[in-house]
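Reading through the structure tokens given below for one structure.
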């Protein structure tokens with residue numbers, strides 16, 4: 001399913017053309033949604049099955065997925081489950097010709113942002129897409145920030161990482177020195193360097209950075 005998407009400094013989230021993927025086995029629905037998406041100046045990517053979508057290179061720009069529930073291979077709910085953890089930057093809008101309350105509840109609990117019954121109003125779908133793309137922009141921006149923090153942490157020396165881990169755990173410089181077998185002056189030197197490398201303006205900033213990258217480590 002590909003690797004996690006991150007934006008580089010040269011990729012402005014707000015300037016990237018949003019991608020709207022459609023997975024529906026009805027060719028007339030696909031053609032109609034292709035025209036609707038283009039009319040809003042978004043980039044459509046159209047698929048007739050879940051497998052076609054899964055093997056296609058993922059979009060690393062703000063994006064969303066319009067997903068039919070009744071698909072011939074993996075159904076929509078199964079595809080949602082398959083990509084839930086791997087594609088957090090891709091909000092899902094479900095469409096279906098028929099649905100029961102339990103199906104809608106299951107989809108929404110799993111993170112879908114909208115569930116529309118065919119035939120639906122085009123403006124209603126466009127509004128849902130706009131909301132989904134906005135959410136995708138936020139998610140991609142957050143992932144990029146975390147990746148940047150993680151890269152800075154990995155750029156620290158082993159000793160600087162040891163010092164950072166201890167000081168954000170609440171250890172005083174003297175205690176850090178005792179645990180690592182180095183002088184307090186040396187601890188202060190390492191602390192100053194790691195603060196610069198992490199671009200932390202204060203100790204509080206460093207603690208918040210550590211909290212954000214901890215799940216990645």
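Worth a mention:
- Relative contact order (%) - segment 91-217, alpha-carbon pairs under 8 angstrom, separation at least six: 20 percent
- Distance from the alpha carbon centroid of segment 19-61 to that of segment 159-217 works out to 47 angstrom.
- Using the empirical formula 2.2 N^0.38 Å as the baseline, the Cα radius of gyration of segment 13-144 reaches a ratio of 0.96.
- Taking N as its residue count, the alpha carbon Rg of segment 68-217 over 2.2 N^0.38 Å: 1.59
- Taking Cα atoms only, the orientation of helix 27-39 departs from the longest principal axis of the chain by about 60 degrees.
- Computed from Cα positions, the angle between helix 158-168 and the longest principal axis of the chain comes to roughly 80 degrees.
- Computed from Cα positions, the angle between helix 122-155 and the longest principal axis of the chain comes to roughly 20 degrees.
- Under the Debye formula (equal points on every Cα, no solvent term), log10 I(q)/I(0) of segment 156-216 at q = 0.13, 0.20, 0.25 Å⁻¹: -0.29, -0.69, -1.06
- Cα centroid separation - segment 74-97 against segment 127-145, whole Å: 16 Å
- Nearest-0.05 FRET efficiency for residue 214 and residue 185, computed from C-beta distance (R0 30 Å): 0.60
- For segment 13-144, the relative contact order works out to 25 percent when only alpha carbon pairs closer than 8 Å and six or more residues apart are counted.
Laboratory data are not the source of any read-out in this text; all were calculated from the coordinates shown. Here the structure is a predicted model, which is why all the values come from computation and not from measurement. Note that we place each Cβ from the backbone using ideal geometry, even for glycine, and neighbour counts take in every protein chain shown.
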